[in-house]
Amino acid sequence: MTKSMESNGLFIFSGNSNPALAEKICGYLKLPLGGAKVTTFSDGEIQIEIHENVRSKDVFVIQSTCAPVNDNLVELLLMVDAFKRSSARRITAVVPYYGYSRQDKKVVPRVPISAKLVADMLTVAGAHRVITMDLHAGQIQGFFNIPVDNLFSAPVLISYIRHHFDHNLAIVSPDAGGVERARAFAKRLDADLAIIDKRRSAPNQAKAMAVIGNVRDKVVVILDDMVDTAGTLVEAAEALARQGAREIHACCAHPVLSGPAVDRIKDSALKSVVVTDTIPLKPNAQACGRIHVLSIAELVGEAIIRSYRGDSVTSLFV
């Protein structure tokens, strides 16, 4: 730990979920990553040891709760608890990808609202604030009894779209729930808007039914908050191809890419899938030439420094 960092009272730590992103954020902040041991005992229990004096300091813990979801979530909870017991002045959980966010309501009887439970666990563990990105549903912020800064990857994605695609552009929402997000992108890019009428038959299974809007001879960009098994994207791409779209691309904040996702993308009408580094790509996704990664390190780093200084982060929400 450098003297300048210690004197500033700002410490950045990371679990094992996304160390590359943590290093990029520290590079933007010109601060070293705090020393911590995050390993497991022989029986699989997670072991945490903090190697810095954080008494009366501001601590930021960077940890996406991506696969393996439960291991990364427990790592985050134990690190927060360790800092609480080390008398840190304020603990901020920086969770670029908030796992369990899709389980945000009861859609059938006798199921948990897992997003609320995770929020409660973070609060009880000792977090004073949460910084996250592109929550699956904005109302998840209300599940917390502590402040939540929900950042958006929109500035990064819009900049990429503006510099890589021509003016004959249409932004496509893959379902009715994403229309507001797609409309905001279309307005800022001066692009047309289209919507996929989709019916979901079971979890992680989707069937695109029809395209609402004109996409013929246009470069279309399907916009979503995450790509999981890629079923939605592939079905949407096929529907757009049938309607005469000239090129079909996708932009998604969180590259979950589970199960057959990468193979589906390879075999689909999608020319490219642009994602951010909230979740590290698996090896098969890294080898897929159609998946391109943009970094949100500067955006998150700016949110961290503004939060630490007590400055407004409102401009980062658009």
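The values are calculated or read from the model by the stated rules, or taken from the named source; none is laboratory data. Since the model is a prediction, treat every value here as computed from it, not as a measurement. Methodologically, a virtual Cβ is constructed for each residue, glycine included, from the backbone with ideal geometry; neighbour enumeration extends over all protein chains shown.
Step by step: first the residues of segment 286-304, then only those that are modelled with pLDDT under 95 and either among the hydroxyl-bearing types (Ser, Thr, Tyr) or farther than 16 Å from Pro19 by Cβ (or both), then the one that is surrounded by the fewest Cβ atoms within 10 Å (Cβ to Cβ). Which residue is that? If you could, list the steps in order and put the result at the bottom.
Narrowing segment 286-304 to residues modelled with pLDDT under 95: 286-289.
Next, from what is left, pick out any that are either among the hydroxyl-bearing types (Ser, Thr, Tyr) or farther than 16 Å from Pro19 by Cβ (or both): 287-289.
Numbers: Ala287: 11, Cys288: 18, Gly289: 7.
Step by step, filter segment 286-304, then rank; the result is Gly289.
Which fully enclosed strands (runs of 3 or more DSSP E) of segment 43-134 have 3 or more residues being touching a helix residue (DSSP H, G or I) at 6+ places or on another chain (Cβ under 6 Å), surrounded by fewer than 23 Cβ atoms within 10 Å (Cβ to Cβ) and without any contact (Cβ under 8 Å) to a residue 40 or more places away in the chain?
Output list reads 46-50.
Would you check if there is a residue in segment 191-203 being assigned to a strand (DSSP E or B), surrounded by 20 or more Cβ atoms within 10 Å (Cβ to Cβ) and either modelled with pLDDT under 70 or on the phi > 0 side of the Ramachandran plot (or both)?
Checked segment 191-203: no residue is assigned to a strand (DSSP E or B), surrounded by 20 or more Cβ atoms within 10 Å (Cβ to Cβ) and either modelled with pLDDT under 70 or on the phi > 0 side of the Ramachandran plot (or both).
Could you figure out which of (1) buried (at least 16 other Cβ atoms within 10 Å of the Cβ); (2) touching a residue at least 12 places away in the same chain (Cβ under 8 Å) isn't true of Met209?
Met209 satisfies every listed condition except (1).
If I filter segment 255-263 for residues that are within 24 Å of Pro68 (Cα to Cα) and part of a strand (DSSP E or B), do I get at least one hit? Explain how you work it out, then say what you get.
Within segment 255-263, the subset within 24 Å of Pro68 (Cα to Cα) is 255-263.
Going one step further and asking which of them are part of a strand (DSSP E or B), we end up with 255.
The answer is yes, given that some residue of segment 255-263 is within 24 Å of Pro68 (Cα to Cα) and part of a strand (DSSP E or B).
Within 26 Å of Ile50 (Cβ to Cβ) and under 20 Å from the mean Cα position of the chain (by Cα), is that true of Ile131? Steps first, answer last, please.
Values: within 26 Å of Ile50 (Cβ to Cβ): yes; under 20 Å from the mean Cα position of the chain (by Cα): yes.
So Ile131 fits the description; yes.
With the structure loaded, tell me whether Glu52 is among the charged types (D, E, K, R) and out of contact with any strand residue (DSSP E or B) (no Cβ under 8 Å at 6 or more places or on another chain) or whether it fails that test.
Details: among the charged types (D, E, K, R): yes; out of contact with any strand residue (DSSP E or B) (no Cβ under 8 Å at 6 or more places or on another chain): no.
The answer is no for Glu52.
For a quick check of your reading of the model, give me the residue pairs whose first member lies in segment 183-196 and is under 18 Å from Thr232 (Cβ atoms), whose second is surrounded by fewer than 20 Cβ atoms within 10 Å (Cβ to Cβ) and among the basic types (Lys, Arg), with beta-carbon atoms closer than 9 Å and at least 6 apart or on different chains.
Close Cβ pairs satisfying both conditions: Leu193/Arg183; Leu193/Lys187.
Scan segment 276-299 for residues that are among the hydrophobic types (A, V, I, L, M, F, W, C), in contact with a Ser or Thr (Cβ under 9 Å, 6 or more places away or on another chain) and under 15 Å from Phe152 (Cα atoms) and report the count.
The first filter runs over segment 276-299 and keeps only residues among the hydrophobic types (A, V, I, L, M, F, W, C), leaving 279, 281, 285, 287-288, 291, 293-294, 296-297, 299.
Now drop any that are not in contact with a Ser or Thr (Cβ under 9 Å, 6 or more places away or on another chain), which leaves 279, 291, 293-294, 296, 299.
Then drop every residue that is not under 15 Å from Phe152 (Cα atoms), which leaves 279, 294, 296, 299.
Summing the residues that are among the hydrophobic types (A, V, I, L, M, F, W, C), in contact with a Ser or Thr (Cβ under 9 Å, 6 or more places away or on another chain) and under 15 Å from Phe152 (Cα atoms) in segment 276-299 gives 4.
Working carefully through the options Leu29, Leu21, find the one that is over 17 Å from the mean Cα position of the chain (by Cα), modelled with pLDDT of 95 or more and among the aliphatic types (A, V, I, L, M).
On the way: Leu21 fails: over 17 Å from the mean Cα position of the chain (by Cα).
Matching residue, one of Leu29, Leu21: Leu29.
Among the numbered conditions (1) closer than 30 Å to Gly9 by Cβ; (2) polar (S, T, N, Q); (3) part of a loop (DSSP other than H, G, I, E, B), tell me where Ser307 comes up short.
If we test Ser307 against (1) closer than 30 Å to Gly9 by Cβ; (2) polar (S, T, N, Q); (3) part of a loop (DSSP other than H, G, I, E, B), just (3) comes out false.
Anything in segment 231-246 that is of a type outside the set (Val, Ile, Thr), in a helix (DSSP H, G or I) and either without any contact (Cβ under 8 Å) to a residue 40 or more places away in the chain or closer than 15 Å to Val273 by Cβ (or both)? List them, or say none. Reasoning before the result, please.
Within segment 231-246, the subset of a type outside the set (Val, Ile, Thr) is 231, 233, 235-246.
Going one step further and asking which of them are in a helix (DSSP H, G or I), we end up with 231, 233, 235-242.
Correct list: Gly231, Leu233, Glu235, Ala236, Ala237, Glu238, Leu240, Ala241, Arg242.
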